[in-house]
Every structure is written in structure tokens, then in C-alpha cells.
Amino acid sequence: MEVIHKIGRRKTAVARVYLSEGKGTITVNKRAFADYFPTATLQYKVQQPFTLTDSENAFDVKINVFGGGITGQAEAVRLAISRALCELNEEHRSALKPEGLLTRDPRMVERKKFGQKKARKKFQFSKR
């Protein structure tokens, strides 16, 4: 099996994932996976595609991620891994799709408008 390269995005985070056969080591930005994503929730999000497809220790994953915050990065990585697993075996799609792991989350930060305090919040209005 050759290396499978996929991209996942969430908000402003972009994750490039390189999936290859191995023992299950995950490297994020040349650091250990547990060091980069310290909380158990983020680690669960990243490993979710592997647990759903029963392939926890089957692949080595090299991840390059930038932009956004740590949660957005974890969700971008999850999308990229899910896409890579679907390219590897089309049967994984039936396990990942109902969980919503193959859907690109389109929610972005709304831009700030001029003459306003934030995107929707206005300056205080004074009648007199």
C-alpha cells in the first residue's frame, strides 16, 4: 500500500494527513499525538474514525496541521482521516457517514461589519 494523502478543513484549520500501513503511531507536526492534543476529548475525536472502522493499530498517520484553534484542528484531522479511510476501503463509508465524519462543517466566523461593534452586535443606541 502506498501513502494516501488527504486534506480536511474546519473553520480556518487545515489538516494534511498521510496514511500508510504500520503499527498505529500518530505524529502531529513532528510531535507525539498525545503531546499535541492533550485532552482526552480531542484525542477521542482524532481516533474516532479508526475505532468506528476497527483499524486502531493498522495504520501509521503523519499529520501536518495549521490555522485555527486546537478543537478546529482536531476536527479537521478527523475529517481528513475519514476521507483517507474511505479511499482505502469504500466499505468504511457505511460506518463513517451515519456518524457525520464525512461532512465538512461549513460554519465559519461571520465577518465584522463597519458601523457595528461586532458581526451582529451594534453600538449602544441613544435617542437623545
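All of the numbers you see were taken from the coordinates with simple rules; none came from a lab. Model, not experiment: these values are computed from the prediction. A quick note on method: Cβ atoms are made from the backbone with ideal geometry, for glycine too, and the neighbour counts reach across all protein chains shown.
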Within the stretch 1-57, restricting to residues that are part of a strand (DSSP E or B) and among the β-branched types (Val, Ile, Thr), the one that is surrounded by the most Cβ atoms within 10 Å (Cβ to Cβ) is VAL17
Within the stretch 93-108, restricting to residues that are without any contact (Cβ under 8 Å) to a residue 40 or more places away in the chain and outside any loop (DSSP other than H, G, I, E, B), the one that is surrounded by the fewest Cβ atoms within 10 Å (Cβ to Cβ) is SER94
Next on the checklist: Is it the case, given these coordinates, that ARG111 is part of a loop (DSSP other than H, G, I, E, B), touching a residue at least 60 places away in the same chain (Cβ under 8 Å) and among the charged types (D, E, K, R)?
Outcome noted: no
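Listed here are the residues, each with its yes/no results for (1) out of contact with any strand residue (DSSP E or B) (no Cβ under 6 Å at 6 or more places or on another chain); (2) in contact (Cβ under 8 Å) with a residue 12 or more places away in the chain; (3) of a type outside the set (Ser, Thr, Tyr); (4) more than 12 Å from ALA76 (Cβ to Cβ).
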| residue | (1), (2), (3), (4) |
| --- | --- |
| GLU2 | yes, yes, yes, yes |
| ARG9 | yes, yes, yes, no |
| ARG16 | no, yes, yes, no |
| LEU19 | no, yes, yes, yes |
| LYS23 | yes, yes, yes, yes |
| VAL28 | no, yes, yes, no |
| ASP35 | yes, no, yes, yes |
| LEU42 | yes, yes, yes, no |
| LYS45 | yes, yes, yes, no |
In the stretch 58-91, anything in contact (Cβ under 8 Å) with a residue 40 or more places away in the chain, part of a helix (DSSP H, G or I) and over 15 Å from the mean Cα position of the chain (by Cα) is listed as GLU87, LEU88
